Amino acid sequence: MRGLFAIMGTALCLAAGTQAMAGEIKVGEINSYSALPAFTDPYKKGWQLALDEINAAGGINGDTLVIISKDDGGKPGDALTAANELVAKEGVVMISGSFFSNVGMAVADFAKQKKVFYLAGEPLTDAMIWSKGNDYTFRLRPPNYVQAAMLAQEAAKLPAKRWATIAPNYEYGQSAVAVFKELLQKARPDVEFVGEQWPPQGKIDAGSVAQAIEAAKPDAILNVEFGADLVKLVREGTTRDLFKGRSVVSFLTGEPEYLDPLKTDTPEGWIVTGYPWYSVDTPVHKAFLDAYQKRYNDYPRLGSVVGYALVKSMAAILTKAKSTDTDALIAAAKGISVDTPFGPITYRAADHQSTLGAFIGKTALKDGKGVMVDFQYHSGNDFLPSEADAAKLRP
C-alpha cells in the first residue's frame, strides 16, 4: 500500500499525462465545454497545469490525483446526469466546476441531496453561498455581490443619475442587476433606473436592445452581457451611437476571453472587471504566467486562473483532510488558505466563499487590441459582508 488512500491491487495508470502511483484519488469535474469554449478551453488548460504540478510534487499525501471531466453543454439536466455518473459509477470523492449560475445551482442542490462535497469554480450568483447555500457547497470565484460592489463604488462617482441595464435573462444576469441596483442606490439615493433589457442568453437581438435603451434616454448603462452577445451589443450599440456621451459600467468585460474578440471594436473608457494578465506584476503571477506560457505557448485567460486555482484548492483540501470522507473534506475546507496566481485566498467558514478578488479598471485600445488600464486588484475581503453578516444570509 502506498499513500494514505492507496487502493490494493490498483495497476499503474496515467493521470493527465503523469504516471500514476499505486494509489489514486478520483475527483469529478463538470463544465460547459461545448457551450462556452472561449472560457472553458483556457479553464481546462489551467486545471491540467495545476494537476500535473500537484502530481509531480507527490500528489495528495503520496497518492495520485485523478480528474474525471464531463461536459454539461450548459444544461442543468445534463450537469445532474454527469454528477450522478461521476458519483455512482466513477466513485469520485468530490465534484467540482460549473460555469453558468443556473447549472451551478442545480449541482449544488445535487450535492446537498446526495451529501457530496462540491467545489464550484465559476458560477457567480449570490444565492449559491447565501440564500440557498448548503453545507456541501464551496465556491472559488468572487460572487456577483463583490463585482457589483466594486462597480457600484466607481459608478457612484459618476455624475449620471438615470441608469439603464442590459443583462442576460437567467440567474446570473438577474442576480447581477439586482445587487448592483441595490448597492448603487444605497450610495446614491438620487439615482433612478429608467430602463431594463433582458435578452435570452446567447440569443441577443442587439439592434432591438440598443433601440430600446436609447429610447429610455439614460445617462449611463450597466452591462452584464458577455461572450458573443457582448460582441453583438458593442458593435450594434457603437453603430447606433448608443454609448456616445454615456458612461458604461460592465461586468466581466475586461476578461481577455471577452475583450479579445472585440479587437478594434473595443469601446474605450468603460469601467469593467477583468484580468489584465499582461500587466500584473507580482512574483506569484509571474511564476504562473511563465509556467502557463511554457506549457501552452499561449497567454492565460481568466478561465485559466479559475481552473488552476480550483485544482490547487481541491489538493489543499484533500491534503489537509487526510481522508476522502465528505465530513472531513467539509471540515478541512472551512477556513483553509490556498495560494493562487492572484495571491493567497481563504475559504470562509461562515459561508464557504473564497476571498479571491478581482481587478477593476477601464477599457482602452492599444495596438489594435482591447486592454485594461488604470486597474487595481481588490481582495474579496475588501467587499464581502463580514462572516457574521454572511452567516445570517444562509438558510
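The values are calculated or read from the model by the stated rules, or taken from the named source; none is laboratory data. Just so it is clear, the model here is predicted, and its values are computed rather than measured. Don't worry about glycine lacking a Cβ; one is built from the backbone with ideal geometry, like all the others, and counts go over all protein chains shown. Quick note on the areas: whole protein, heavy atoms, side chains included, nothing else; ligands and nucleic acids left out. Shrake-Rupley method; radii C 1.70, N 1.55, O 1.52, S 1.80 Å.
So what is the orientation-averaged projected area of the range 96-237, using the convex hull of its C-alpha atoms, in nm²?
Averaged projected area of the range 96-237's Cα convex hull equals 8.5 nm².
Please list 175-185, 52-62, 140-150 highest first by mean number of surrounding beta-carbon atoms within 10 Å per residue.
With the highest mean Cβ count within 10 Å placed first, the list reads 140-150, 175-185, 52-62.
Given 37 °C and 0.692 mPa s, how large is the Stokes-Einstein diffusion coefficient of the chain in µm²/s, with Rh as the Kirkwood radius over Cα pairs?
Answer from the Stokes-Einstein relation: 153 µm²/s.
Considering only the chain, what is the antiparallel percent among its DSSP beta bridges, to the nearest 5?
Approximately 35 percent, going by the DSSP bridge assignments.
Listed highest first by mean packing, meaning other Cβ atoms within 10 Å per residue, what order do 256-262, 363-369 come in?
Most protected by this proxy first, the peptides run 256-262, 363-369.
Which percent of the accessible heavy-atom area of the range 344-383 goes to carbon and sulfur, probe 1.4 angstrom? Walk me through the numbers before you get to the answer.
On the way: 780 of 1620 Å².
Carbon and sulfur: 48 percent of the exposed surface of the range 344-383.
Quick check for you: with a 1.4 Å probe and neighbouring chains kept, what is the accessible area per residue of the range 18-162, in Å²?
Ligands and nucleic acids excluded, the result is 31 Å² per residue.
Trypsin sites (Lys or Arg not before Pro) within the range 182-277: which are DSSP loop residues with at most 13 other Cβ atoms inside 10 Å?
LYS203, LYS244
Which part of the range 89-129 falls in the paramagnetic zone of ASP389, meaning amide N under 17 Å from the point 7 Å along Cα-to-beta-carbon?
Inside the label zone: 126-127, 129.
Taking only protein heavy atoms into account and a 1.4 Å probe, give the accessible area per residue of the range 348-395 in Å².
Value for the range 348-395: 47 Å² per residue.
Under the definition of Cα pairs under 8 Å and six or more residues apart, what whole-number percent is the relative contact order of the range 308-395?
19
So how do 375-383, 215-223 stack up, highest first, on mean other-Cβ count within 10 Å?
Final packing ranking: 215-223, 375-383.
I'd like the carbon and sulfur percentage of the solvent accessible area for the range 210-300, probe radius 1.4 Å, heavy atoms only, ligands and nucleic acids excluded.
Carbon and sulfur atoms account for 50 percent of the accessible area of the range 210-300.
For the range 55-130, with all protein chains present and a 1.4 Å probe, just round the carbon and sulfur fraction of the accessible area to a whole percent.
Answer for the range 55-130: carbon and sulfur cover 48 percent of the accessible area.
With a/c under 1.5 counting as rounded, go ahead and sort the range 264-389 into rounded, prolate or oblate using the C-alpha gyration tensor (a ≥ b ≥ c being the square roots of the eigenvalues; past the cut-off, prolate if a/b is larger than b/c, else oblate).
Note, shape of the range 264-389 comes out oblate.
Near MET105, within a Cβ-to-Cβ distance under 10 Å, what is the net charge of the other residues, with Lys and Arg +1 and Asp and Glu -1?
Result for the local shell: -1.
What whole-number value in Å² describes the accessible area per residue of the range 285-328 for a 1.4 Å probe? Intermediate values should be presented prior to the final figure.
On the way: 1760 Å² over 44 residues.
On a per-residue basis, 40 Å².
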